[in-house]
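So the structure is just underneath, and the comments pick up after that.
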Amino acid sequence: MRLKNTFYVIGGGGAFLVFAVPLLWALFRSVQPNDVIVAAPDGKTFFDLTWDNFRTLIEGPGNLVRAVGNSLIVAISTAVLTALLATFAGYGFARFRFRSGPVLFALVVVSMMIPFQAILTPLYLEMNVLRLTDSLLGLVLFYTTVNLPFGVFVMRNSFASVPVELEDSAHVDGCGTFRMLGSVLRPLITPGAATVALYAFLAAWTEFLGALTFLTKDELYTLPVALVNVQAGAYGEINFGSLVAGSVIAMIPCVVLYVGLQRFYVSGLASGAVKG
């Protein structure tokens, strides 16, 4: 038993180092001046730390603060809308029996295998006709559409893992469908809904190509697109200090959300593996 615990400790410590060291290294580099980052390692200046990189991003012409706000609006809206629609669709696929149900669910699963980059052109043309380009609302609808198949898959299997007898008892007691979803089933499907919301948030927060395609106004740029402008720099010169600082800002919500919702995420993926 002691040898087994030792292996667990060594394996867990090694996995922690693999994931934590790059994050800590990026955080350390973000508070170094740009000339120290691009220069050869020097023991005299290597530990000269400063907040100038973050100050440059906040006060610079790129207006990264507004880009962070746009990304938060888009990512949170996408997470909420995807989780809500996936919950209703998953409940319908899990509980209602209709002739085309298996075929429709199979189409949902197949759509998960098609990358949105393959249909980006027709998506752009359709959104342009609907006047949803250069709009954060259009970007939210686009991200929701892309993430919805995975959400429906997870939520359908989450509902399938809940005994039907529990709903029958609630109906006998006079509980309606919406009240049953909000009061009776909500604690049981929270891991699945949290998984869908977290997955959609991270996908929308880090996505670049769709935002670059559908947005052309500077004031609407999300954080990944704004960071590309930081990378371009002035006269082709890259400010690596500002770029690393921007990357640290981008990864903070991802780390915080994943750590906070980790137990729900693991449980949600496990419920999504249940064969219904």
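FRET efficiency for the R179 to F98 pair, using the beta carbon distance and R₀ = 25 Å, is estimated at 0.60. Phi angles across segment 2-11 convert, under the Karplus curve 6.51 cos²θ - 1.76 cosθ + 1.60 with θ = phi - 60°, into 3J(HN,Hα) values of 5, 5, 5, 5, 5, 5, 4, 5, 5, x Hz, Gly and Pro given as x. For segment 159-169, putting each phi into the Karplus relation 6.51 cos²θ - 1.76 cosθ + 1.60 with θ = phi - 60° gives couplings of 5, 5, 7, 8, x, 5, 4, 5, 6, 4, 5 Hz, in residue order, rounded to whole numbers and with x for Gly and Pro. Among the trypsin sites (Lys or Arg not before Pro) found in segment 1-62, those both in a DSSP coil and sparsely packed, with 16 or fewer other Cβ atoms within 10 Å of their Cβ, are K44.
For a quick protection proxy, order the peptides 114-125, 247-258, 85-96, 195-206 by their average other-Cβ count within 10 Å, most packed first. Display every interim value, and only then the final one.
On the way: 114-125: 12.3, 247-258: 15.9, 85-96: 19.5, 195-206: 23.5.
Result, highest mean Cβ count within 10 Å first: 195-206, 85-96, 247-258, 114-125.
Estimated purely from DSSP H runs of n ≥ 4, each contributing -39500 (n - 2.57), the mean residue ellipticity at 222 nm for the chain is -23500 deg cm²/dmol once divided by its residues.
Using 1/(1 + (r/R0)^6) with R0 = 41 angstrom and r between the beta carbons of Y258 and V172, what's the FRET efficiency to the nearest 0.05? Before the final figure, lay out each step's value.
Working: r = 40 Å, r/R0 = 0.99.
For Y258 and V172, the calculated efficiency is 0.50.
In plain terms, the bigger the Kirkwood radius, the slower the diffusion; for the chain, with that radius from Cα pairs, at 25 °C and 0.890 mPa s, Stokes-Einstein puts D at 114 µm²/s.
Karplus-derived 3J(HN,Hα) values for segment 48-55, using 6.51 cos²θ - 1.76 cosθ + 1.60 with θ = phi - 60°, are 7, 9, 7, 9, 5, 4, 5, 5 Hz; glycine and proline are entered as x.
Full extension of the segment from F46 to A15, taken as 0.36 nm per residue of separation minus the current Cα-Cα distance, would add 8.4 nm. Hey, how many Å between the Cα centroid of segment 152-171 and the Cα centroid of segment 58-125? Spelled out, the Cα-based centre of one part sits 23 Å from the other. Going by a ≥ b ≥ c, the root eigenvalues of the Cα gyration tensor, does segment 18-133 fall in the rounded group (a/c under 1.5), the prolate group (a/b larger than b/c) or the oblate group? In terms of gyration-tensor shape, prolate.
Kindly state, to the nearest 0.05, the FRET efficiency for E165 paired with V110, given R0 = 30 Å and r defined as their beta-carbon distance.
Details: r = 32 Å, r/R0 = 1.08.
After rounding to 0.05, the efficiency reads 0.40.
Relative contact order for the chain: what is it in percent, counting Cα pairs under 8 Å that are at least 6 residues apart? Each step should come with its number before you reach the end.
Values: 298 pairs, mean separation 85.0, N = 276.
RCO, the chain: 31 percent.
All of the numbers you see were taken from the coordinates with simple rules; none came from a lab. Computed from a predicted model, the values in this text were never measured in an experiment. Cβ atoms come from the backbone with ideal geometry, glycine included; neighbour counts cover every protein chain shown.
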